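All remarks here apply to the structure that follows.
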Amino acid sequence: MSTATQTEPTYPVHFEGELQPGLSRWLWLVKWLLVIPHVIVLVFLWIALVLLTIVAFFAILFTRRYPRGIFDFNLGVLRWTWRVGFYSYSALGTDRYPPFTLKPVAGYPARFEIAYPEQLNRWLPLVKWLLGIPHYIIVGIFIGGAGWGVGRAADGGEWLGGWSLVGILVLIAAVVLLFTDRYPSSIFDFVMGLNRWAARVAPYALLMRDEYPPFRLDNGAHEPGRQTRPDAGESPVPDTGPHENDRDR
């Protein structure tokens with residue numbers, strides 16, 4: 001697995017998390033309790049996301065378009081989930097409590113954006129469940145944990161923690177933080193790479209993009225070749241336009 005070079009095409013997902021300096025060495029011990037209100041809300045949001053994705057499936061099949069309202073809602077759920085995960089046990093990257101909103105939040109250190117596709121392949125949703133299996137297995141190892149199925153892994157999986165590769169690494173970082181008052185940057189960068197891989201699989205599994213996710217681990221807070229965050233509300237990743245998968249066969 002190699003890091004992307006600037007000559008590689010930009011994947012239409014923008015996923016970032018900036019490590020906050022001066023993290024509390026103790027707060028991570030109680031974050032599981034503090035995020036309970038978010039978890040309750042997210043349970044209902046994810047139920048709605050699944051139902052709306054079924055609606056989007058039929059819309060793509062007949063119109064080749066992902067309904068914009070459904071796209072924006074599902075993206076909002078992914079944003080919310082990532083902010084909670086970044087605050088809690090998917091990264092422990094900030095002590096700033098995540099906001100209760102589906103919208104982008106200016107200045108919050110965790111960001112997730114997906115470029116809206118103007119047109120999609122109408123037949124590809126019929127086989128994405130099969131084509132995505134290699135990624136679902138990998139994501140299950142990275143963040144899925146025991147007891148989390150392929151579907152959970154596909155949607156970004158265990159962003160609230162657990163015995164997965166991400167969970168183990170974050171636990172190590174938390175113990176180091178507890179005793180040294182610092183979060184090892186090398187662990188944080190690797191954790192971000194694992195989460196970024198899952199974040200790129202999520203829109204493919206949720207039918208939001210047709211581009212196949214790259215088998216690539218891009219470590220670090222920022223996307224490759226991007227060092228500054230976009231303003232809230234600005235489209236952070238350009239639509240790549242029509243591509244081979246967009247054409248009906």
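Any read-out appearing in this document is the output of simple, stated calculations on the displayed coordinates, not a laboratory observation. Quick caveat, the model's predicted, so the values are computed rather than measured. Don't worry about glycine lacking a Cβ; one is built from the backbone with ideal geometry, like all the others, and counts go over all protein chains shown.
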Quiz item: Kirkwood hydrodynamic radius (Cα pairs, Å) of segment 13-222?
Solution: 17.3
Quiz item: What list do you get for LEU194, LEU131 if you sort them by fewest beta carbons within 10 Å?
Solution: LEU131, LEU194
Self-check item: Intensity falloff of segment 7-115 expressed as log10 I(q)/I(0), Debye formula with alpha-carbon point scatterers, at q = 0.11, 0.13 Å⁻¹
Solution: -0.42, -0.56
Quiz item: In nm, to one decimal, how far is the modelled label at GLN20 from the one at TRP32, with both set 7 Å along Cα→Cβ?
Solution: 2.1
Exercise. Multiply the residue gap between PHE58 and LEU130 by 0.36 nm, knock off their C-alpha separation, and tell me the result in nm, one decimal place.
Key: 24.1 nm
Exercise. Can you find, among PRO134, SER88, MET208, the residue farthest towards the positive end of the dipole of segment 13-222? Put +1 on the C-beta of Lys and Arg, -1 on that of Asp and Glu.
Key: MET208
Quiz item: Going by how many other beta carbons lie within 10 Å of each one, how would you line up HIS222, HIS38, fewest first?
Solution: HIS222, HIS38
Quiz item: What distance in nm separates the simple spin-label points at PHE179 and ARG216, each placed 7 Å from Cα in the Cβ direction?
Solution: 3.8
Quiz item: Taking the Cα centre of segment 13-222 as the origin, how large is its charge dipole in debye, to the nearest 20, when only Lys and Arg (+1) and Asp and Glu (-1) carry charge on their Cβ atoms?
Solution: 300
Quiz prompt | Semi-axis lengths, Å, segment 172-212, gyration tensor of Cα atoms, sqrt of 5 times eigenvalues | solution = 32, 8, 5
Quiz item: Do any chymotrypsin sites (Phe, Trp or Tyr not before Pro) in segment 25-99 lie in a DSSP loop with no more than 12 other beta carbon atoms within 10 Å, and if so, which?
Solution: TRP26
Practice problem: Might you report the magnitude of the Cβ-based charge dipole of segment 1-129 about its Cα centre, with Lys and Arg at +1 and Asp and Glu at -1, to the nearest 20 debye? | Solution: 260
Exercise. Please order LYS103, LYS128 by the number of other Cβ within 10 Å, starting at the fewest.
Key: LYS103, LYS128
Quiz prompt | Alpha-carbon radius of gyration plus Dmax, which is the widest Cα pair, for segment 52-114 in Å | solution = 14.2, 45
